[in-house]
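A quick write-up on the structure given underneath.
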Amino acid sequence: MIVGVLAFQGDFAEHIQVLHSLRVPAIEVRSLEDLSKVSALIIPGGESTVIGKFLQESGVGKEIVRRVALRPLPRLRPAPLPSRERGASLDSAQKNSIPLHPEGGGVAPERRGGGTESLIVYGTCAGAILLAKKVTGKNAPKTLGLIDATLERNAYGTQIDSFEAELKISGIQKPVPVAFIRAPKITHVGKNVEVLAKFRGEPVLIRQGNVMIGTFHAEVRVSSEVHKLFLAMTR
Amino acid sequence: MFTLTNHTGVDLAKMLKGGVIMDVVTAKQAKIAEAAGACAVMALERVPSDIRAQGGVARMSDPSLIAQIQKAVSIPVMAKIRIGHTAEARILEAMAVDFIDESEVLTPADPFHHVDKNALKIPFVCGATNLGEALRRIAEGACMIRTKGEAGTGNVVEAVRHLKLIKGEIAALKSMTAAELKKFAVAERVPPELVSDVKKAQRLPVVTFVAGGIATPADAALLMELGAEGVFVGSGIFKSKDPARMAKAIVQATTHYNDAKKLLQISTGLTGAMAGLEIANLPTKMSERGW
């Protein structure tokens, strides 16, 4: 599996460094062609207004939406149906899809290459904003709307209100050191959204189907635990 | 190992990477910059080319103008102070700007010292022309380094020089013995552990942008190709004929710097870059301010 990190703007190099420390092949994604090579994608921290514009203008945003919506095949299902033509088997895959488990567990993505397989996505900070269904705050960018949550931009204040913390995250044993940089807040989550971590009683890491978002940066600290949690969504 | 004090400031600089930070004088310009895809704006009293043309003492911008800019945009707002002007820095900290640029573009205020940046909570970006200067600023608490270049000239040669010097000096550390490293640290008046960190990591411990003289998308792409992590554009945007278009083109070129076909598309038909100045004929070289 190759993991892509969206590299229009932001701390994509830090994410790639974490992935390399886990010995996971990782590439920078700046085009539809790059995106077609990956089966998992990280949208990094940065400025959501900037990354959002590139997503819109390049067509990469639309393609992410299309591929996240592709239903992965159930893991133990026999290989699908006689017709092996790409379009046809895709259709059958969609028809035969099962509802996604909130944890994405028990299912494996299709692996046909060429950008036709289902995509899992992890967004940090700006990436989280761009994946949310709704965003509040001034000059909010257009989003991909892939997770049922509302985010408020720069909700803690300006840079002087940025801070570091240690987070307890479900599925990770030790507290994870993270940074909240001009961070957004998750002000509302839909009922099918799983909350994986809270800070001061508010959700900061959530997951729904193929999509996980966090309002903090683990990639700028030494920890790779959150990335492992994300990569486990493919298994 | 050398310890950086302002962790979240160093982090914010990482979030700006791959982006373009644009000089703006008014809230209206700030909105144009944000709409074009700037990752931050830099508030200042006059853009560098006007400072050159008009002369006089250049100072921190009027706080009311900075406040209007903060209100107008959602991206980080930076503002410039004079070298060593701790009071201007405290005023900007009280306004909760996101980053302070202790800048040679303004008239220096202190002939002996730069601001003690470790004493403030707001992160600082500082200019440098070589490795020693960059490390002195980092030791003082800078969270981000940029080349000085020669601001307000539309002439990119000094930015290229400074970036290549910094990169070259970092590479040269590799072959130095312990004694030579110590000698370098003493000569440059920087902590020896900071020098050995840079030798080991083969990069500065903070994000490194370029600034000074960038006037076209190709200029931005050239510097990104040379290893810059992002770009400051001063006069290059709002002294061009079509600022919104030039701003967008430079943003695109900074992201797609290694895609020649895209660069061709971005650069084609883009006339009206700011007029340039020959650096040899300048009465004031801003890059020589600071030490």
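The values are calculated or read from the model by the stated rules, or taken from the named source; none is laboratory data. Bear in mind the structure is a predicted one, so any value in this text is a computation, not a measurement. No Cβ is skipped: glycine too gets one built from the backbone with ideal geometry, and neighbour counts run over all protein chains shown. In case anyone asks, the SASA skips ligands and DNA or RNA and just uses the protein heavy atoms, side chains included. Shrake-Rupley method; radii C 1.70, N 1.55, O 1.52, S 1.80 Å.
Give me the helices (runs of 4 or more DSSP H) completely within the stretch B:214-275, filtered to those with at least 1 residues that are in contact with a strand residue (DSSP E or B) (Cβ under 8 Å, 6 or more places away or on another chain), ordered by residue number. Give the steps one after another, and end with the answer.
Working: elements: B:217-225, B:235-238, B:243-255, B:260-267.
Per the criteria, B:217-225, B:235-238, B:243-255.
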Of (1) outside any loop (DSSP other than H, G, I, E, B); (2) in contact with a Ser or Thr (Cβ under 8 Å, 6 or more places away or on another chain), B:V198 satisfies every one except (2)
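For the stretch B:172-194, how many residues meet the condition of being under 22 Å from the mean Cα position of the chain (by Cα) and in a helix (DSSP H, G or I)? Give the steps one after another, and end with the answer.
Start the filter on the stretch B:172-194 by keeping residues that are under 22 Å from the mean Cα position of the chain (by Cα), which leaves B:188, B:190, B:194.
With in a helix (DSSP H, G or I) added as a condition, the list becomes B:188, B:194.
Selection size over the stretch B:172-194: 2.
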Hey, A:G46 at pLDDT 95 or above, closer than 15 Å to A:G127 by Cα, in contact with a helix residue (DSSP H, G or I) (Cβ under 8 Å, 6 or more places away or on another chain) and assigned to a loop (DSSP other than H, G, I, E, B) or not
yes
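Restricting attention to helices (runs of 4 or more DSSP H) lying wholly within the stretch B:1-116, give those where 1 or more residues are among the charged types (D, E, K, R), within 10 Å of chain A (Cβ to nearest Cβ) and open to solvent by less than 10 Å² (accessible area, probe 1.4 Å).
Working: elements: B:7-15, B:27-36, B:48-54, B:63-72, B:86-94.
Those helices (runs of 4 or more DSSP H) span B:7-15.
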Scanning the stretch B:117-135 residue by residue, those more than 14 Å from every other protein chain (Cβ to nearest Cβ) and within 18 Å of B:I166 (Cα to Cα) turn out to be B:C126, B:G127, B:A128, B:T129, B:N130, B:L131, B:G132, B:E133, B:A134, B:L135
Here are some residues: B:G269, B:G234, B:G212. Which one is surrounded by 15 or more Cβ atoms within 10 Å (Cβ to Cβ) and at positive phi?
B:G212
Filter the stretch A:155-184 down to the residues that are open to solvent by 50 Å² or more (accessible area, probe 1.4 Å) and touching a Leu at 6+ places or on another chain (Cβ under 8 Å) and list them by number.
A:S170, A:G171, A:P175
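Just give me the residues in the stretch A:158-177 being under 20 Å from A:V211 (Cβ atoms) and touching a helix residue (DSSP H, G or I) at 6+ places or on another chain (Cβ under 8 Å), in sequence order.
Selection gives A:I169, A:G171, A:I172, A:V176.
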Under 9 Å by Cβ, and 6 or more places apart or on different chains, what pairs join a residue from the stretch B:19-40 that is basic (K, R) with one that is modelled with pLDDT under 95 and open to solvent by 10 Å² or more (accessible area, probe 1.4 Å)?
B:K31/A:N139
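For the stretch B:117-128, what are the residues that are out of contact with any Leu (no Cβ under 7 Å at 6 or more places or on another chain) and crowded, with 24+ Cβ neighbours inside 10 Å?
If the condition is that a residue be out of contact with any Leu (no Cβ under 7 Å at 6 or more places or on another chain) and crowded, with 24+ Cβ neighbours inside 10 Å, then B:K117, B:F124, B:V125, B:C126, B:G127, B:A128 are the ones that fit.
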When B:I138 is run through (1) within 14 Å of chain A (Cβ to nearest Cβ); (2) part of a helix (DSSP H, G or I), the failure sits at (1)
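Yes or no: B:D98 without any contact (Cβ under 8 Å) to a residue 40 or more places away in the chain and among the charged types (D, E, K, R)?
Working: without any contact (Cβ under 8 Å) to a residue 40 or more places away in the chain: no; among the charged types (D, E, K, R): yes.
For B:D98, the condition - without any contact (Cβ under 8 Å) to a residue 40 or more places away in the chain and among the charged types (D, E, K, R) - is not met.
Here is a check on your reading of the model: is B:G9 within 18 Å of the chain's Cα centre (by Cα) and over 23 Å from B:G213 (Cα atoms)?
Numbers: within 18 Å of the chain's Cα centre (by Cα): yes; over 23 Å from B:G213 (Cα atoms): yes.
Taking the combined requirement at face value, the residue satisfies it.
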Filter result (part of a loop (DSSP other than H, G, I, E, B), within 11 Å of chain B (Cβ to nearest Cβ) and of a type in the set (A, V, I, L, M, F, W, C)) within the stretch A:1-43:
A:A7, A:F8
When A:K138 is run through (1) within 14 Å of chain B (Cβ to nearest Cβ); (2) in contact with a helix residue (DSSP H, G or I) (Cβ under 9 Å, 6 or more places away or on another chain); (3) modelled with pLDDT of 95 or more; (4) open to solvent by 10 Å² or more (accessible area, probe 1.4 Å), the failure sits at (3)
Exactly one of A:R200, A:R182 is on the phi > 0 side of the Ramachandran plot and within 14 Å of chain B (Cβ to nearest Cβ), and that one is A:R182
Just the residues that are under 16 Å from the mean Cα position of the chain (by Cα) and at positive phi, please, taken from the stretch A:126-178.
A:G145
Single residue of the stretch A:200-217 satisfying the filter (in contact with a Phe, Trp or Tyr (Cβ under 8 Å, 6 or more places away or on another chain) and farther than 17 Å from A:L231 by Cα) that is surrounded by the fewest Cβ atoms within 10 Å (Cβ to Cβ)
A:V204
